[in-house]
Amino acid sequence: MWKLFALLLTLTIAAGCSSGGQVQADTSAADYAIASGDKIKLTVEGEKDFSGEFVVDGSGSVSAPSVGSVAVAGLSLHDAARAYGDKLRDAQILRDPKVTAEAVGVRPIFVLGEVNRPGQYAYASGMTVRSVVDLAQGYTYYAKQSGAEITRAGRTVEVDADTEIKILPGDTVRIPKRIF
């Protein structure tokens, strides 16, 4: 439960949609891009009817009350809040909406290859290659412990296992076999 609270706390970004609004950003949340299957919560300050939790559909949009489809795929939480606020303002529903966006259900990560318990795991903010290997109960005897492959958005890169590269929702981490 505390991990979920920490995730929600670090992924929450407040976005004021007017020029005088304030924007609060967390560096770990800045790397996060919304994708199909994510669940986000859009809250409009003082406007319960326009707030709610939305699942990003296959086209990368959420269907919001009164304004219809809002494209959010590929956007940060800050930008998604701004896009929703812009839709509310452009439709002349609200003059100066203050919108907050937070991730409430993000894609899992996958840890594959030479780990003791390969599989799907819940994403938590601040994950690195080492932490996901620990989550998968460590390396097997045959693991190449010095490196890993990370697949993100269809692109695979090889990394040193000791780097502090952040693992993001939807990433696949594969630990290769070592060559004897």
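7 Å from Cα along Cα→Cβ at both Ala153 and Ser36: what's the point-to-point distance in nm?
Inter-label distance under the simple model: 1.6 nm.
Given points 7 Å out from each Cα along the Cα-Cβ axis, report the Ser63 to Tyr142 separation in nanometres with one decimal.
Those two pseudo-labels are separated by 4.7 nm.
Where a ≥ b ≥ c are the square roots of the eigenvalues of the C-alpha gyration tensor, would you call region 109-175 rounded, which needs a/c under 1.5, or, failing that, prolate if a/b is larger than b/c, or oblate?
Here region 109-175 falls in the rounded category.
What is the distance, in nm, between label points placed 7 Å from the Cα along the Cα-to-Cβ direction at Ala71 and at Ala122?
About 3.4 nm separates the two model spin labels.
Which is farthest toward the positive dipole end of region 49-180 among Ile93, Val129, Gly68, measuring Cα position about the Cα centre, with Cβ charges +1 (Lys, Arg) and -1 (Asp, Glu)?
Comparing the listed Cα positions along the dipole, Val129 ranks first.
Which value, in debye to the nearest 20, gives the size of the charge dipole of region 109-180 about its Cα centre, when Lys and Arg are +1 and Asp and Glu are -1 at the Cβ?
180 debye
Can you sort Phe180, Phe50 from fewest to most other Cβ atoms within 10 Å of each residue's own Cβ?
Ascending Cβ contact count within 10 Å gives the list Phe180, Phe50.
Taking a label point 7 Å from the Cα of Arg178 along the Cα→Cβ vector, which residues of region 108-145 have an amide N closer than 11 Å to it?
Residues passing the 11 Å test: 140-145.
Going Cα to Cα from Lys48, which lysines come in below 19 Å? Please leave out same-chain ones fewer than 8 positions away.
Lys39, Lys87, Lys98
Net charge near Glu53, counting Lys/Arg +1 and Asp/Glu -1 over other residues with Cβ under 12 Å of its Cβ?
Within the 12 Å Cβ shell, the charges total 0.
Using 1/(1 + (r/R0)^6) with R0 = 35 angstrom and r between the beta carbons of Asp79 and Ser131, what's the FRET efficiency to the nearest 0.05? Intermediate values should be presented prior to the final figure.
On the way: r = 27 Å, r/R0 = 0.78.
Result of the calculation: an efficiency of 0.80.
Grab the Cα-Cα distance for Glu164 and Lys48, subtract it from 0.36 nm times how many residues apart they are, and report the gain in nm with one decimal.
Roughly 37.8 nm would be gained on extension.
Filter the trypsin sites (Lys or Arg not before Pro) in region 74-160 to those in DSSP coil with at most 11 other Cβ atoms within 10 Å of their Cβ, and list the result. Present the calculation step by step, with values, prior to reporting the outcome.
Details: sites: Arg82, Lys87, Arg89, Arg95, Lys98, Arg130, Lys144, Arg152, Arg155; in loops: Arg95, Lys144.
Here the sparse-neighbourhood loop sites are Arg95.
Indicate, rounded to the nearest 5 percent, the antiparallel portion of the DSSP beta bridges found entirely in region 109-175.
Among the beta bridges of region 109-175, antiparallel pairing accounts for roughly 75 percent.
Going Cα to Cα from Lys166, which aspartates and glutamates come in below 14 Å? Please leave out same-chain ones fewer than 8 positions away.
Partners found: Asp26, Asp31, Glu149, Glu158.
Where a number appears in this text, it was derived from the coordinates with a stated rule and is not lab data. Treat the numbers as computed from the prediction; the structure is a model and nothing was measured. Here Cβ is always computed from backbone atoms with ideal geometry, including for glycine, and neighbour counts include all displayed protein chains.
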